[in-house]
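Here is the structure we will look at, set down as structure tokens.
The values are calculated or read from the model by the stated rules, or taken from the named source; none is laboratory data. Because the structure is a prediction, the values reported are computed rather than measured. We place every Cβ from the backbone using ideal geometry, glycine too, and count neighbours over all the protein chains shown. Accessible surface areas use protein heavy atoms only, side chains included; no ligands, DNA or RNA. Shrake-Rupley method; radii C 1.70, N 1.55, O 1.52, S 1.80 Å.
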Amino acid sequence: MILKTIRTLSVFFLLFVVFTGSISPSYAQRQEVIGEIRINGAERIEPTTVLSYLGVEVGQTASSETLNQALKNLYGTSLFADVSMRLDRNILFVDVIENPVINEIAFEGNDEIKDQQLLAEISARPRQVFTRTQVQNDVSRINQIYRRSGYFAATVDPKIIKLDQNRVNLVFEVAEGNETRIKGIRFVGNEIFNDDKLRSELSTKEQRWYRFLSSDDRYDPDRVEFDKELLRRFYLREGYADFQVVSANAELAKDKENFFLTFTVDEGDRYRIGNLAIDSNLRGFDGSGLKDVVTFLPGQWYNADDVQSTVDAMTRELGDRQYAFVDIRPDIQRNGAEDLIDVTFRIAESPRVFVERIDITGNVRTIDKVVRREVLLVEGDPFNRSKLAETEQRLRNLDFFETVEVRTTRGSAPDRVVVNVAVSEKSTGELSIGAGFSTNDGPLADLSIRERNLLGKGQDLLFSTTIAGERTQFDVSFTEPYLFDRDLSAGFDLFLVETDFQDESSFDQKRQGGALRIGYPLAEKTRQSWRYRLENNEITDVDPDASRFILDQEGERITSAISQRLVYDDRDSRLFPTEGLTSWLDTELAGLGGDAQYVSGTIGSNYFIPVYKRSVIFDVLGEVGAISGYGDEDVQINERFYLGGNNLRGFERSGVGPRDSITGDSLGGNFFYRGSAELKFPLGLPEELGIAGHAFSDFGSLFDLDDNGPEVLDESSLRLSAGVGVSWRSPLGPIRVNLASPILDEDFDEEEIFRFSFGTRF
């Protein structure tokens, strides 16, 4: 029995040894080789494309690591909603379920933000593969957009509409909710400045009924971060160099319609300026020569803006002395014990530089010569930063370019600089067909063909016509700004103007003729121009009941006159000035043939002062003029000055000055003076709209006639008016509305409260 049991165990042992010895090693190490790959479920995507993403080839060993990586590769393409693999008898079966394709994307419920704006922000697009991850990201993006627009209660629910051929329509259902605004702004830790003062420094504002056109009272996290910087700048301007914004918390009310902002601040101590020094490492240059440009003195309260403006002034001054790449760093040292700040301006070593070359880019149509002649430096000149700044402004004044940038880069040697002039051209050809209305001319139609940069040479050619209720005008004009490649402008004008003065003076006027002109600079900001004019002037259709002074002058009259204009102009821009002065002196002598014999002259100035950040501009103007006949000739009605309308608001055109007491006709005058003071300011609307408010006061007087009978009302007394206006640089042309009321006037003056102008030309 025992032997039988032993034999049985021996048999089982041998079988175990044989089995484990012949099977286990080979099974543990054996891995199947892929003999074939079959793709199932691919409809829109070609099987070969699936194979290319798979990363597994026939003949490759099918290890678990290889198959797992192939699975990751297919999921990583975002083309498939599900992928599975199985290996059967050396055949690798790959079963895929394709993600659908987006057929159409739609938005529902969005009133405040348009479809195109939302579509531009999301990543999903028609004919792209649909994935749920992408949709969730787009939902988050839409929510973010609504929050930045002040709609924190907005919700977005994506809906999937399945179509045939594995396509879907993607619909984002938006519930915008109410606009979330800033209900209150509070400050914690402020002792020196009260809450109202600090609120005025922020770009974020509290909700008020009059801010319905502004978004400043909407909560925007980015704007709050900017407000923290505005607070820091304000305190640094006031001398609090240790100021910190500890926190800025926004609390959303339970109704999700209002936010409460709380700024916690640490004001710190206020500092005065202690020692002030200039440490110059420029060879051969004594830093004491820059003391005159320092904008503050020891003992004054510290102001970070003064420090930066001094750095800018020093940079400009040294730039004018050939130091193009000068590095000036203010070294601020606090003395907390005495509340003093010592400021040392450290000027790093830098060589004097010369202009190596001038590179001009971006001028596709405009020839290089037109750009280069406005550059005030040439190759080899000593570098001068002020001349580069003036060059940039001169190029902008051409109005040929959308953008102008003048930058400097280091040249081939430390003492060489390359001036890069980059321009972006805009259309200079104009074909305008428009209509409008002006108080002066009534309804008007306008047709104008103009090329301000003819053939890219900077020449100006104009053909225009205006047909209005009280004026018809045709003009042809040509100007060559650089005759003989010199700063010498020349041109000619041809004109025909018919004007209805029946309402003012009971006659019509027809002027036709031409002029030749030439201009040249006398100094950097002073220019002289001369003009010869030959004109046929005809007074027609005089009312039989008109003033005898007008009846006597009915008929034709030839004027042959030479005139000059002397202009000084240092405005920062000729197109939209915000600072600077322009002055002019005009004189004219008639009598070089023809019928008219007179001498006239006007002199005036216009001064622009930026009051606040170049958005609030104060503009003051003054002008006087006189005309006198010589020989046996008196000054005729078509040669006199007229006042009112655009040049004296609050009064009608020709509404001020000598007038026939019997007929009421305006007769013009030989002497005038006028002035204006105007404040231009923003209305809280986006700057790109070009809308501004105006408050103004005009004054002036017009008087004196050669033939002054007892029936003529002629007073040299002061007239004064005040008013407000709104202007808009609209795409169709400038629009301006003025409301003005006379304060000082004469009984016979013609008043005008409302003045409106609209159209392409007026």
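Observations, loosely collected:
- Residues that are over 30 Å from the mean Cα position of the chain (by Cα) and not in a strand (DSSP E or B) do occur in segment 301-312, at least one of them.
- Looking across segment 279-297 at every residue that is part of a helix (DSSP H, G or I) and without any contact (Cβ under 8 Å) to a residue 40 or more places away in the chain, the one that is surrounded by the fewest Cβ atoms within 10 Å (Cβ to Cβ) is identified as ASP292.
- Subset tally (residues that are under 21 Å from the mean Cα position of the chain (by Cα), open to solvent by 70 Å² or more (accessible area, probe 1.4 Å) and not charged (D, E, K, R)) for segment 372-411: 1
- Among residues of segment 375-386 that are closer than 9 Å to TYR323 by Cα, those with a beta-carbon under 9 Å from a residue that is part of a helix (DSSP H, G or I) at least six positions away or on a different chain give the pairs PHE383/GLY319; ASN384/GLY319; ARG385/THR315; ARG385/ARG316; ARG385/GLU317; ARG385/LEU318; ARG385/GLY319.
- Here is the figure for segment 700-711: residues that are in a strand (DSSP E or B) and either open to solvent by 10 Å² or more (accessible area, probe 1.4 Å) or closer than 14 Å to ILE743 by Cβ (or both) total 3.
- Residues being buried (at least 23 other Cβ atoms within 10 Å of the Cβ) and among the polar types (S, T, N, Q) - total across segment 660-669: 1
- Residues located in segment 73-104, provided they are without any contact (Cβ under 8 Å) to a residue 24 or more places away in the chain and assigned to a strand (DSSP E or B): PHE80, ALA81, ASP82, VAL83, SER84, MET85, ARG86, ASP88
- One residue alone among ARG533, ARG548, ARG557 is of a type in the set (Lys, Arg), open to solvent by less than 40 Å² (accessible area, probe 1.4 Å) and more than 20 Å from GLY601 (Cα to Cα), and that residue is ARG557.
- Yes/no for ILE539 being in contact (Cβ under 8 Å) with a residue 40 or more places away in the chain and among the β-branched types (Val, Ile, Thr): yes
- The residue that is surrounded by the fewest Cβ atoms within 10 Å (Cβ to Cβ), counting only those in segment 319-341 that are out of contact with any Lys or Arg (no Cβ under 8 Å at 6 or more places or on another chain) and not charged (D, E, K, R), is ALA337.
- Considering only residues in segment 584-609 that are under 24 Å from PHE681 (Cα atoms) and not β-branched (Val, Ile, Thr), the one that is surrounded by the fewest Cβ atoms within 10 Å (Cβ to Cβ) turns out to be SER605.
- The listed residues are THR204, THR131, and the only one of them that is in contact with a strand residue (DSSP E or B) (Cβ under 8 Å, 6 or more places away or on another chain) and among the hydroxyl-bearing types (Ser, Thr, Tyr) turns out to be THR204.
- Condition check for SER697: among the small types (Gly, Ala, Ser), open to solvent by 60 Å² or more (accessible area, probe 1.4 Å) and touching a strand residue (DSSP E or B) at 6+ places or on another chain (Cβ under 6 Å): no
- GLY622 vs. criteria under 25 Å from SER605 (Cβ atoms), in contact (Cβ under 8 Å) with a residue 40 or more places away in the chain, small (Gly, Ala, Ser) and touching a Lys or Arg at 6+ places or on another chain (Cβ under 8 Å): yes
- Selection status of ILE97, open to solvent by less than 50 Å² (accessible area, probe 1.4 Å) and of a type outside the set (S, T, N, Q): no
- Matching residues in segment 63-72 - criterion: being touching a strand residue (DSSP E or B) at 6+ places or on another chain (Cβ under 9 Å) and open to solvent by 50 Å² or more (accessible area, probe 1.4 Å): LEU71
- Condition check for ALA722 on (1) in a strand (DSSP E or B); (2) open to solvent by less than 20 Å² (accessible area, probe 1.4 Å); (3) in contact (Cβ under 8 Å) with a residue 60 or more places away in the chain: one failure, at (2).
- Test: residue in segment 586-601 that is within 36 Å of the chain's Cα centre (by Cα) and at pLDDT 90 or above: yes
- Hits in segment 688-699 - residues which are of a type outside the set (Gly, Ala, Ser) and outside any helix (DSSP H, G or I): ILE691, HIS694, PHE696, ASP698, PHE699
- Qualifying residue in segment 657-676 (condition: closer than 19 Å to ILE550 by Cα, assigned to a strand (DSSP E or B) and in contact with a Pro (Cβ under 7 Å, 6 or more places away or on another chain)): yes
Rundown of residues vs (1) at pLDDT below 85; (2) hydroxyl-bearing (Ser, Thr, Tyr); (3) open to solvent by 100 Å² or more (accessible area, probe 1.4 Å), yes/no style:
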{"position": "ILE2", "(1), (2), (3)": "yes, no, yes"}
{"position": "ARG7", "(1), (2), (3)": "yes, no, yes"}
{"position": "VAL17", "(1), (2), (3)": "yes, no, no"}
{"position": "THR20", "(1), (2), (3)": "yes, yes, no"}
{"position": "ARG30", "(1), (2), (3)": "yes, no, yes"}
{"position": "THR61", "(1), (2), (3)": "yes, yes, no"}
{"position": "ALA81", "(1), (2), (3)": "yes, no, no"}
{"position": "PHE107", "(1), (2), (3)": "no, no, no"}
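- Complete set of residues in segment 124-159 that are in a helix (DSSP H, G or I) and in contact with a Leu (Cβ under 8 Å, 6 or more places away or on another chain): VAL135, ILE142, ILE145
- Given (1) in contact with a Gly (Cβ under 8 Å, 6 or more places away or on another chain); (2) open to solvent by 20 Å² or more (accessible area, probe 1.4 Å), number of the condition SER615 does not satisfy: (1)
- Matching residues, segment 147-200, being touching a Ser or Thr at 6+ places or on another chain (Cβ under 9 Å), at pLDDT below 90 and either more than 18 Å from GLU108 (Cα to Cα) or not aliphatic (A, V, I, L, M) (or both): ARG147, SER149, GLY150, TYR151, PHE152, GLU176, GLY177, GLU179, ILE182
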